[in-house]
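For reference, the structure is listed below as structure tokens.
The values are calculated or read from the model by the stated rules, or taken from the named source; none is laboratory data. Quick caveat: nothing in here was measured; it's all calculated off a predicted structure. Backbone-built Cβ (ideal geometry, glycine too); neighbour counts: all protein chains shown.
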Amino acid sequence: MSSIIKLLPENVANQIAAGEVVQRPSSVVKELLENSIDAEANNIRLIIKDSGKTLIQVVDNGIGMSSKDIKLCFLRHATSKIKQSKDLFDLKFMGFRGEALSSIASVSQMSIISNTDAQTEIGNKIKINGGQLVLQEEQVLKRGTSVSVENLFFNIPARRNFLKSDSVELRHIIDEFHRISLINHNINFTLINNGNEIFNLKKSIFKERIIRVFGKSTLEKLVPISEVTDFVKINGFIYKPDFARKTKTAQFFFVNKRFIKNQHLNHAVKSAYEGLIDDKYYPSYFLSFEVPNNTIDVNIHPNKTEVRFENDQSIYAVLKSSVKHSLGQFNISPTIDFENGVKYNTPYDYKYKSPDIPKISVDRSYNPFEIEKMIDVKIDDFETEESISKINFSDNSISFPSFQIDGKYVISKNSSGLVIINQHRAHQRILYEKFLKEFCSKPKLSQALIFPIKLDLSKKEINVISGLKTNLIAIGFKFSKFTKSEIELSAFNPIFDKESIEGFFRDIIVDHENDLNKINSSLNDFMARVFSKSHSSKSKKSLILQEQHSLINNLFACKEPSVSPFNQKIFKVIPLDSIENKILK
Ligand code: ADP
Ligand code: MG
């Protein structure tokens with residue numbers, strides 16, 4: 001009996017593969033630009049005609065290909081970038097499957113000229129027509145490579161007819177050009193369409209590249225982000241909330257210099273803007289992540305725009321917190337000079353201030369009702385006077401004034417105006433960050449209790465706690481008994497206040513269901529929040545001046561001073577001009 005199974009001819013197999021790799025001219029642009037980057041070029045020119053339908057040419061000054069390699073490069077699975085399967089887990093290159101050139105060659109008329117030698121100007125040229133080598137000769141070219149792709153899909157009319165209008169295809173090409181040129185800002189890039197130079201980008205720092213690509217007006221929109229942890233380095237810029245748009249235009253994540261799409265990380269950024277932009281608006285960002293190559297998997301999608309992170313949850317948390325941190329800083333100091341790359345001022349920059357006498361003095365004709373209107377909180381005039389009079393004006397170490405009202409708010413000033421701080425929420429924020437830091441660091445401390453604490457809990461409640469047992473042990477708790485009906489605590493992490501521990505266990509049970517189901521809340525984050533709640537003073541508390549100052553200092557040393565762990569606003573600045581032009585007009 002004769003067999004009906006046949007191996008596909010090479011060029012048919014390549015055309016099928018091309019279906020995955022080459023969707024439209026912009027896919028060719030991406031693959032060719034990536035090859036030039038892999039070839040260590042620092043000068044890359046992209047020349048297109050009719051939005052890539054007639055010609056896509058990429059000329060680089062990279063390492064080039066030898067006369068032998070040039071004859072291999074367009075064959076399927078021909079790659080110089082991986083030699084053994086373990087290389088797949090430590091990828092330093094943009095491409096590695098050896099699929100791009102073979103796929104493109106099978107659906108176009110392609111010619112490649114390349115020269116590896118910086119001394120001679122003679123390179124090798126090949127021409128491939130629909131996957132078939134049709135010409136090979138020497139050609140003049142400086143060191144580097146030039147790849148021309150003409151008449152894409154000439155041999156597959158169905159695909160060619162499927163292409164969109166020139167303006168749509170050009171848009172796709174420009175998008176791809178942005179994704180690659182933004183993050184490779186140390187490379188010169190030019191883009192020429194039908195003889196018109198659209199971009200001419202000179203090697204520069206990231207911020208300048210963003211501005212060259214998106215225009216000068218971008219400068220005032222950017223807020224920098226920078227964060228370094230053991231497992232990820234984050235760098236880049238986000239847009240100030242005022243510049244959020246209704247479309248997702250400028251959203252760029254790069255991982256190890258590769259543009260990626262990632263809904264989870266996008267959610268992290270979006271949620272950091274919570275309360276600052278309308279739900280229908282999208283924040284813009286240019287964020288670059290550096291992670292060890294072996295902690296990501298880029299093989300999950302043929303065009304490699306999706307990656308899987310080993311430390312997904314942690315990166316989410318770090319990203320969200322650093323975006324919030326930067327937004328918080330920005331809220332405090334709206335007039336920061338980005339041009340000079342100046343670090344943000346904290347509102348209480350002691351370091352540069354010589355000690356001076358606070359400007360507030362006790363004025364007997366002082367009318368507290370004006371303040372009442374101004375800050376829109378209910379205050380008791382008697383208590384206010386009392387709190388003000390508590391300030392020790394002779395203390396020269398103080399370089400900013402503060403006072404407390406209603407046992408609930410600490411009022412102070414910064415360079416832009418009056419600052420009103422909700423002290424309970426500030427306290428929660430400080431504790432939360434302290435706990436979270438402790439939970440995420442190793443090793444944890446544990447202090448034995450002389451008398452073990454028996455927790456008064458129902459079976460149902462014990463069930464909730466047992467779900468968290470490993471995490472509780474990981475943060476320093478030890479249990480002398482842990483059964484279905486009884487829990488006894490024998491040691492705890494001394495970062496906690498012993499008196500608050502029972503309250504913590506009760507809070508954890510109450511909060512557990514609502515909170516844990518919320519996406520992206522890691523257990524450490526959850527427990528830090530519960531702890532911050534059970535440890536912070538709930539009712540009014542009068543604070544002496546030193547306590548007010550330490551609250552303020554600790555708050556603004558936090559990563560996210562503007563919102564409590566429960567997403568409530570911690571402070572508000574009433575700008576001087578609003579006092580002048582609105583409140584006291
Ligand atoms: P991959 O990039 O996955 O290795 P490609 O099909 O894109 O596969 O390219 C095949 C090979 O051709 C590359 O591995 C590289 O050796 C060579 N090559 C392609 N483009 C260039 C270039 N611009 N400069 C030097 N070598 C190149
Ligand atoms: Mg490639």
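So, in the stretch 19-34, exactly how many residues are part of a loop (DSSP other than H, G, I, E, B) and β-branched (V, I, T)? Give the derivation first.
Of all residues in the stretch 19-34, those part of a loop (DSSP other than H, G, I, E, B) come to 22-24.
Okay, now just the ones that are also β-branched (V, I, T), so 22.
Residues meeting the conditions: 1.
Which of the residues spanning the stretch 407-443 are touching a residue at least 12 places away in the same chain (Cβ under 8 Å) and loosely packed, with under 15 Cβ neighbours inside 10 Å?
Listed by number, the list holds a single entry, S415.
Just one of the numbered conditions (1) buried (at least 20 other Cβ atoms within 10 Å of the Cβ); (2) more than 8 Å from ligand 1 (Cβ to nearest atom); (3) part of a loop (DSSP other than H, G, I, E, B) is not true of I70; which one?
I70 satisfies all of (1) buried (at least 20 other Cβ atoms within 10 Å of the Cβ); (2) more than 8 Å from ligand 1 (Cβ to nearest atom); (3) part of a loop (DSSP other than H, G, I, E, B) except (3).
Could you check how many residues of the stretch 230-241 are touching a Lys or Arg at 6+ places or on another chain (Cβ under 8 Å) and not in a strand (DSSP E or B)?
The number of residues fulfilling the criteria is 1.
Tally time: how many residues in the stretch 563-585 are modelled with pLDDT under 85 and among the polar types (S, T, N, Q)?
Residues that pass the stated criteria total 2.
With the requirement that a residue be in contact (Cβ under 8 Å) with a residue 12 or more places away in the chain and assigned to a helix (DSSP H, G or I), what does the stretch 79-90 give you?
Kept after step one, since they are in contact (Cβ under 8 Å) with a residue 12 or more places away in the chain, are these residues of the stretch 79-90: 79, 81-82, 88-90.
Listed by number, the residues that qualify are L88, F89.
Among (1) over 33 Å from the mean Cα position of the chain (by Cα); (2) within 12 Å of ligand 1 (Cβ to nearest atom); (3) in contact (Cβ under 8 Å) with a residue 60 or more places away in the chain, where does L55 come up short?
(2)
Consider only pairs whose beta carbons are under 7 Å apart and that are at least six residues apart or on different chains; among these, list those whose first residue lies in the stretch 454-474 and is free of Cβ contacts under 8 Å to residues at least 12 places away in the same chain and under 17 Å from L436 (Cα atoms) and whose second residue is of a type in the set (G, A, S) and in a helix (DSSP H, G or I).
No pair meets every condition.
From the residues in the stretch 109-142 that are without any contact (Cβ under 8 Å) to a residue 40 or more places away in the chain and not in a strand (DSSP E or B), which one is nearest to ligand 2 (Cβ to nearest atom)?
L141
Suppose we filter the stretch 166-203 for residues that are of a type in the set (G, A, S) and either in contact with a helix residue (DSSP H, G or I) (Cβ under 8 Å, 6 or more places away or on another chain) or assigned to a helix (DSSP H, G or I) (or both); how many remain?
So in the stretch 166-203, the residues of a type in the set (G, A, S) come out as 167, 181, 195.
Narrowing the set further to residues that are either in contact with a helix residue (DSSP H, G or I) (Cβ under 8 Å, 6 or more places away or on another chain) or assigned to a helix (DSSP H, G or I) (or both) leaves 167, 181.
Here the count works out to 2.
Filter the stretch 49-74 for residues that are within 13 Å of ligand 2 (Cβ to nearest atom) and either hydroxyl-bearing (S, T, Y) or within 22 Å of I16 (Cβ to Cβ) (or both) and give the result.
C73, F74
Please go through the stretch 76-117 and give me each residue that is surrounded by fewer than 20 Cβ atoms within 10 Å (Cβ to Cβ), at pLDDT 90 or above and not hydroxyl-bearing (S, T, Y), ordered by number.
If the condition is that a residue be surrounded by fewer than 20 Cβ atoms within 10 Å (Cβ to Cβ), at pLDDT 90 or above and not hydroxyl-bearing (S, T, Y), then Q109, D117 are the ones that fit.
Of the conditions (1) in contact (Cβ under 8 Å) with a residue 40 or more places away in the chain; (2) part of a helix (DSSP H, G or I); (3) surrounded by 14 or more Cβ atoms within 10 Å (Cβ to Cβ); (4) of a type in the set (S, T, N, Q), N266 clears all except one; give me its number.
N266 satisfies every listed condition except (1).
When you go through K203, K280 one by one, which is the residue that is within 25 Å of K569 (Cβ to Cβ) and either out of contact with any Pro (no Cβ under 8 Å at 6 or more places or on another chain) or of a type in the set (A, V, I, L, M, F, W, C) (or both)?
Matching residue, one of K203, K280: K280.
Pairs, please: C-beta under 6 Å, at least 6 apart or cross-chain, first residue assigned to a helix (DSSP H, G or I) and more than 10 Å from ligand 2 (Cβ to nearest atom) and in the stretch 97-108, second of a type outside the set (S, T, Y) and modelled with pLDDT of 95 or more?
Hits for this filter: A105/I128.
Going by the conditions given, is F93 within 13 Å of ligand 2 (Cβ to nearest atom), hydrophobic (A, V, I, L, M, F, W, C) and under 19 Å from E40 (Cβ atoms)?
The answer is yes for F93.
List every residue pair whose Cβ atoms lie under 6 Å apart, where the two residues are 6 or more positions apart in sequence or sit on different chains, the first residue falls within the stretch 65-78 and is of a type in the set (K, R), and the second residue, located anywhere, is assigned to a helix (DSSP H, G or I).
Final answer for the pair search is R76/N14; R76/S102.
When the stretch 15-33 is examined, which residues are found to be of a type outside the set (A, V, I, L, M) and either away from ligand 1 (no atom under 11 Å from the Cβ) or in contact with a Lys or Arg (Cβ under 9 Å, 6 or more places away or on another chain) (or both)?
Of all residues in the stretch 15-33, those of a type outside the set (A, V, I, L, M) come to 15, 19-20, 23-27, 30-31.
Passing the criteria: Q15, G19, E20, Q23, R24, P25, S26, S27, K30.
For the stretch 540-563, enumerate the residues that are closer than 30 Å to I465 by Cα and either free of Cβ contacts under 8 Å to residues at least 60 places away in the same chain or among the hydrophobic types (A, V, I, L, M, F, W, C) (or both).
Passing the criteria: C558, V563.
Please count how many residues of the stretch 206-226 are touching a residue at least 60 places away in the same chain (Cβ under 8 Å) and outside any helix (DSSP H, G or I).
5
Let me confirm something: among I16, I56, I37, which residue is in a helix (DSSP H, G or I), modelled with pLDDT of 95 or more and either touching a strand residue (DSSP E or B) at 6+ places or on another chain (Cβ under 9 Å) or surrounded by fewer than 20 Cβ atoms within 10 Å (Cβ to Cβ) (or both)?
The conditions single out I37.
Pick out, from the stretch 354-456, the helices (runs of 4 or more DSSP H) lying fully within it that include 2 or more residues that are modelled with pLDDT of 80 or more and within 30 Å of A528 (Cα to Cα).
In the stretch 354-456, the matching helices (runs of 4 or more DSSP H) lie at 423-440.
Would you be able to tell me the number of residues in the stretch 317-337 that are outside any helix (DSSP H, G or I) and either modelled with pLDDT of 90 or more or not aliphatic (A, V, I, L, M) (or both)?
Let us first name the residues in the stretch 317-337 that are outside any helix (DSSP H, G or I), namely 333-337.
Going one step further and asking which of them are either modelled with pLDDT of 90 or more or not aliphatic (A, V, I, L, M) (or both), we end up with 333-335, 337.
So the count comes out to 4.
Among V134, V147, V140, which is of a type in the set (A, V, I, L, M, F, W, C), touching a strand residue (DSSP E or B) at 6+ places or on another chain (Cβ under 9 Å) and under 17 Å from N35 (Cα atoms)?
None of the others qualify; the one that does is V147.
Would you please list the contacts, defined by Cβ atoms under 8 Å and residues six or more apart or on different chains, that run from a residue in the stretch 22-40 that is without any contact (Cβ under 8 Å) to a residue 24 or more places away in the chain to a residue that is within 9 Å of ligand 1 (Cβ to nearest atom) and β-branched (V, I, T)?
Sorted first by the residue in the stretch 22-40, then by its partner, the pairs are E40/I63.
If you scan the stretch 26-47, which residues turn out to be closer than 15 Å to L182 by Cβ and within 10 Å of ligand 2 (Cβ to nearest atom)? So that I can check it myself, show each step before the final result.
Filtering the stretch 26-47 down to residues closer than 15 Å to L182 by Cβ leaves 29-30, 33-34, 37, 44, 46.
If the condition is that a residue be closer than 15 Å to L182 by Cβ and within 10 Å of ligand 2 (Cβ to nearest atom), then K30, L33, E34, I37 are the ones that fit.
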